[in-house]
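To start, the structure itself, in structure tokens.
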């Protein structure tokens, strides 16, 4: 179901909204996030205004399979952050229905409990994963510029884009659950490579230690973890129980220590530069995709008519690529 | 026909799905209707921020701000609608949030007019069809645009 | 004659029969049972829990009462007893069910509305004033704060000279289905189960005539589940209570005979009958084979049935009378031990007295005019009914297998896991949505809603409204009780209760009984326990 009333907001003065957001008005932050999610020129304007103000927030990505207890865990983590006098923000990403584009976003209830200073925004992937790759960095920027710290991005670690946006965080946490083959799943989804910290949640479960052992074995075999370049060792594994809060304080300490280590070892700059590059790449791909679609719409039929049946798809695409970068073929 | 035409126009003017907060206030735990409506709205292309049971007016106002909600849907099955629904409307007004409130549930015919007078944008009865739910939400949001 | 038949005949002949003619309306005498073994009253009890079924005793026609103040309900109770009723069934108002007092902020508009308000022992005293608690059987429908209500009932009885060992009745006390469907929970699941275990241990030791849990599928079905989900989740909860009681040190046969069940009877006639027959068979098999029950009574799934409130339509409400009659008949053909029939106007408001009378008369027609009570399990042996029974059992077994899978071979752990990860809530909501879509698309006809809609007459229907005087009265009463009590004694008793709650080896029932004697309110007791156990927030998994 589409609607029109936010047009009004889009046309309102984004600069003024920005001032209100940075002076702490939550409603203005909420509105800016909608503008970012909507994409296009207004979102770009928000990005321009926000970019000079960013860099203060510790960005934490949390991902894992569905049902791993991520939301409850995030709720406990923001409580720790609030206790430490911080002003956290959470971006809780859930998939949209591929059929209808709609979504039911139910995570915030589990995050929200008693954390009055935390700003929580529920985000749907809105069908096209490219949108998420643009909107998540944009929303993180709004939070950072508005003075929120830390900014936690929570995703279900199933799609490549979800993994990617989590992986561009300063600290990436991968959550696994006992009894569900999660360690193996995480390996398959490419999560082992991006994790700075592993969490085995539901530590009271009988299979928790098995998962820990599986993770250790896989990490020993792969040598490809994000933490290796920071601490020179394997990514730490923290056992937690998000129901009773066991291990949460330790996890929070591990996360903040990871960040301090990044700062002290000067690796934060590299990470942030990588994040910037990833975002630019996403934007570039989106732009190219738009150009490709445009070109296809303009040229494909004519090109096919002009070629014979034996022309291979690769030849067609090569010809279009040439046109894309050399300009249109004038003798058409 | 004209309704169809205008909805196409609406669609082309913005891609953003409607964002709707669904909640129940107070003790009442009958959430079957709320969960069904959540699915109806999802399948109509809305983004539903599902808060579920035992929310307070303050909770809902705060969530509506953070989520930049277009509409708030409350479900009531305990006959408390005559006190609870107007209080929700009042809380939004006090916070200067211009967001329509739709109430669903067991609402006797005679209570509909007083609720509308109190500022409730629309009322959906127990037998409301999916089509009716979708149209009502779209209409109350567009009326505020 | 087979041995099974001889055994059945012996049991039948030993049973006392009602003094009526077991023949058709036209005077044709009929046998007490037809078809093959196993017969009614024989393991696995698919065909009924007794050999003689309704020939000995009709089901109990239990009607729920509770409204306004404790005095109002007390008057209704006395009227029921005067009219020959032997059982009192108590409905509490929403604040009481949620463990909050009448002066709580959220109680506004709810006090005394859907049941009686009980804040303190003083209300319990008024509720059961001048009633012989040794001779009546009391049913209390309350779950989250069940132990507080039980403590008040015991303290009040003792204050009036009745020994607790002589008290007879049932408290619903089924907390697991609250997380799955009805949502009237207070504490998180595990501490709630601690309280259930405390009550079970206490009643097992001290109150032999009291049933501490009525495992209820009714609300699961009302929340939108299918028949098979209702069956499986309910019996699964029953298994979970058995596992918890055994873990708390009880022998299965000390405890299981006092479990009873509560099912929904919905509109699909044969599915309901199959469900109820399957319930008895599954329970008997699991108790015997998995939980090692030796006592036959442990294996009997005895249940109360209520017609499906959710099936009642606001459109053309009078036609609900026909729905209720068909559902009631299904409950009886399914072999229920007691039955509540809904009033036709319940989709609009609380039932009026006239509507409640028609509902009771409906059961009486089934009991006395239809002849279905002459023969035990009259549908047994029908290929369709037997197939449906098997099918319900098959679907339920699939669900049990899933619970065992996610619970490391424990139904209790599987139930916790299913609550934590939203399994039950999500499955029920999906079923509700599937039904809704079928109605919306017109593939399923609901008479008066999406077909045959002529004749809906909306004007001037008489509805029951509770005035706000009850609420004012109850708040004043609570204020008076609080003003007259010894606050120091209240504080001390709550501190003792909290200490017991913090020690998992203690039983919280004795200190809770002491606390209610000091006129500590239900809300105060619940708040004190929340300090130890925490408050449950539902994971909004869709």
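Quick note: the coordinates plus some simple rules give every number you see, no bench work behind them. For clarity, every value in this text was computed on a predicted model and none was experimentally measured. Counting neighbours? That spans all protein chains shown, and the Cβs are built from the backbone with ideal geometry, glycine included.
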query: Could you give the angle, 0 to 90 degrees to the nearest 10, between helix C:3-14's Cα long axis and the longest principal axis of the Cα atoms of chain C?
result: 60
- prompt: Taking the convex hull of the alpha carbon atoms in the protein assembly as shown, what volume per residue do you get, in Å³?
  reply: 220
- request: Taking only Cα atoms and a 10 Å spring cutoff, compute GNM fluctuations for chain A and point out the largest among A:115, A:209, A:201.
  value: A:209
field: Cβ-based exposure ranking for A:325, C:435, in which fewest neighbours within 10 Å come first
entry: A:325, C:435
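Find the Cα radius of gyration of chain C, compare it with 2.2 N^0.38 Å by division, and give the number to two decimals. Display every interim value, and only then the final one.
On the way: Rg = 23.2 Å, N = 542, 2.2 N^0.38 = 24.1 Å.
For chain C, the normalised Cα radius of gyration comes out at 0.96.
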- prompt: Does a label point 7 Å from the Cα of residue C:437, set along Cα-to-beta-carbon, have any residues of the stretch A:87-102 with amide nitrogen under 16 Å, and which are they?
  reply: A:97-102
query: Tell me, what does the Kirkwood hydrodynamic radius of the stretch C:1-142 come to in angstroms if you use every pair of distinct C-alpha atoms?
result: 18.5
Within 10 Å of each Cβ in C:352-359, the average number of Cβ atoms from other chains: 0
- prompt: With all pairs of different alpha carbon atoms counted, what Kirkwood hydrodynamic radius in Å does the stretch C:275-419 show?
  reply: 17.6
query: Considering every residue in C:433-441, what mean count of other chain Cβ atoms within 10 Å of its Cβ is obtained?
result: 4
field: In degrees, nearest ten, helix C:487-502 long axis to first principal axis of chain C (Cα)
entry: 50
message: Let's test the formula: R0 of 35 Å, r as the Cβ-Cβ distance of residue C:251 and residue C:492. What FRET efficiency results, to the nearest 0.05?
response: 0.45
query: Over the stretch C:409-454, with a single point scatterer placed on each C-alpha, what log10 of the ratio I(q)/I(0) does the Debye formula yield at q = 0.14, 0.20 1/Å?
result: -0.51, -0.67
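Ranked highest first by the average count of other Cβ atoms within 10 Å around their residues, in what order do C:16-22, B:126-132 fall?
B:126-132, C:16-22
Suppose R0 equals 22 Å. What FRET efficiency, 1/(1 + (r/R0)^6) with r the Cβ-Cβ distance, do residue C:484 and residue C:163 give to the nearest 0.05?
Using R0 = 22 Å, I get an efficiency of 0.20.
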task: Could you calculate the FRET efficiency of residue C:387 with residue C:76 from 1/(1 + (r/R0)^6), where r is the beta carbon distance between them and R0 is 51 Å, rounded to 0.05?
output: 0.70
- prompt: So how do C:437-449, C:231-243 stack up, highest first, on mean other-Cβ count within 10 Å?
  reply: C:231-243, C:437-449
statement: Expected sort for C:150, C:519, C:512, C:388 with the fewest Cβ neighbours (10 Å cutoff) up front is C:519, C:388, C:150, C:512
- prompt: Just how many % of Cα pairs in the stretch C:99-168 lie over 18 Å apart, if you round to the nearest whole percent?
  reply: 40
query: Just counting partner chain Cβ atoms within 10 Å, what average do the residues of peptide B:58-69 show around their Cβ?
result: 5
statement: The Kirkwood hydrodynamic radius of chain A, taken as the inverse of the mean 1/r over all distinct Cα pairs, in Å, comes to 21.5
message: What do you get for the angle between helix C:70-82 and the principal long axis of chain C? Use alpha-carbon atoms, 0 to 90 degrees, nearest ten.
response: 40
- prompt: Could you give the nm distance between label points at residue A:84 and residue A:314, where each point is 7 Å from its Cα heading toward the beta carbon?
  reply: 5.3
- prompt: What's log10 of I(q)/I(0) for the stretch B:16-144 at q = 0.18 Å⁻¹, Debye sum over Cα points only, no solvent?
  reply: -0.91
statement: Final fewest-first order of A:73, C:350 on the 10 Å Cβ neighbour count is C:350, A:73
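Throw me the Rg/Rh for the stretch C:462-535, computed over C-alpha atoms with Kirkwood Rh, two decimals.
1.14
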